[in-house]
Amino acid sequence: MENIKLVALNMYDTWVDMRIKDNPYKKLFYKLWIQENIKELSKILQTTPKDIEDVLTRENILRDDINIILKEFNNDIKKQLVSILIYDDFMPIIDFLKKNWYQTAVISNLSKPYAYPLTHWEWKWKFDYEILSFQVWETKPNIWIFQELQNKSWIDPQNTIMIWDSFSSDVKWSYNAWIYPIHLDRSSKWIQDNWRYKKISSLQDLKEIL
């Protein structure tokens, strides 16, 4: 992989480990009796920088007890975000990439609160590019979100690799965008070569690939 210039990573379950897996949004939607609109509202929240209160108002989802329900929701979000950790193999590989002059990017489907690790933690470095769905108004697997990375970085897809934890929603779609995908499967034990992608068991394996 001699011509690689840009290394992009998914966020959650790739380098961020969310310890509390319960979805506060799903709990909120059930309390508001809008179960049938969960997918639609989730997509809206992932493609707008607006807060949940603004989205619910826009969708005319109002109830007398909305303030109580939103207070519980915000508490659930805070508990979940406080629980997250960075995988041990992340900082060493970032140091390796920076020392070897690779550019870095994070690309992820997120609603606004889940950008917390990027906005509230102190880092000695920053990703060169951030492609977050709530900021760019589009989600994976739409090919446009991959093109947005190219537009911002000015680096050709053929010179880019992407590391993801999900094969179905990430790996095969980045391949369709002419970007070489790497599937991070932490349950695996070794590097595997497939004709369309590689599988690694740790971010540290990138040192052997690049």
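Trp144 fulfils the conditions (1) more than 19 Å from Ile52 (Cβ to Cβ); (2) surrounded by 18 or more Cβ atoms within 10 Å (Cβ to Cβ); (3) free of Cβ contacts under 8 Å to residues at least 60 places away in the same chain except for a single criterion, (2). Mind listing just one residue for me: the one in segment 164-199 that is of a type in the set (D, E, K, R) and crowded, with 18+ Cβ neighbours inside 10 Å and, of those, modelled with the lowest pLDDT? Top of the filtered list is Asp170. Flag not set for Ile93, criterion: surrounded by fewer than 18 Cβ atoms within 10 Å (Cβ to Cβ) and in contact (Cβ under 8 Å) with a residue 12 or more places away in the chain. Right, Asp64: within 16 Å of Tyr30 (Cβ to Cβ) and either touching a strand residue (DSSP E or B) at 6+ places or on another chain (Cβ under 7 Å) or not aliphatic (A, V, I, L, M) (or both) or not? Against the criterion (within 16 Å of Tyr30 (Cβ to Cβ) and either touching a strand residue (DSSP E or B) at 6+ places or on another chain (Cβ under 7 Å) or not aliphatic (A, V, I, L, M) (or both)), Asp64 does not qualify.
Checking each residue in segment 72-95 for being within 21 Å of His120 (Cα to Cα) and among the charged types (D, E, K, R) picks out Asp76, Lys78, Lys79, Asp88, Asp89, Asp95. May I ask you to verify whether Ile77 is closer than 16 Å to Tyr30 by Cα, of a type in the set (Val, Ile, Thr), more than 23 Å from the chain's Cα centre (by Cα) and not assigned by TED's automatic domain parsing to the domain that holds Glu138? Taking the combined requirement at face value, the residue does not satisfy it.
When every residue of segment 86-102 is checked against the conditions, none turns out to be under 21 Å from Thr48 (Cα atoms) and either at pLDDT 90 or above or out of contact with any Phe, Trp or Tyr (no Cβ under 7 Å at 6 or more places or on another chain) (or both). If the condition is being crowded, with 16+ Cβ neighbours inside 10 Å, touching a Lys or Arg at 6+ places or on another chain (Cβ under 9 Å) and closer than 24 Å to Leu85 by Cα, then segment 14-41 contributes only Pro24. Under the condition of being without any contact (Cβ under 8 Å) to a residue 24 or more places away in the chain and at negative phi, the residues counted in segment 26-41 number 10.
The criterion of at least 1 residues that are of a type in the set (Gly, Ala, Ser) is met, among helices (runs of 4 or more DSSP H) falling completely within segment 18-78, by 38-46.
Can you tell me how many residues within segment 1-13 are assigned to a loop (DSSP other than H, G, I, E, B) and over 8 Å from the mean Cα position of the chain (by Cα)? Adding up the residues that qualify gives 6.
The values are calculated or read from the model by the stated rules, or taken from the named source; none is laboratory data. Just so it is clear, the model here is predicted, and its values are computed rather than measured. Please note: Cβ atoms are built from the backbone with ideal geometry, for glycine as well, and neighbour counts cover all protein chains shown.
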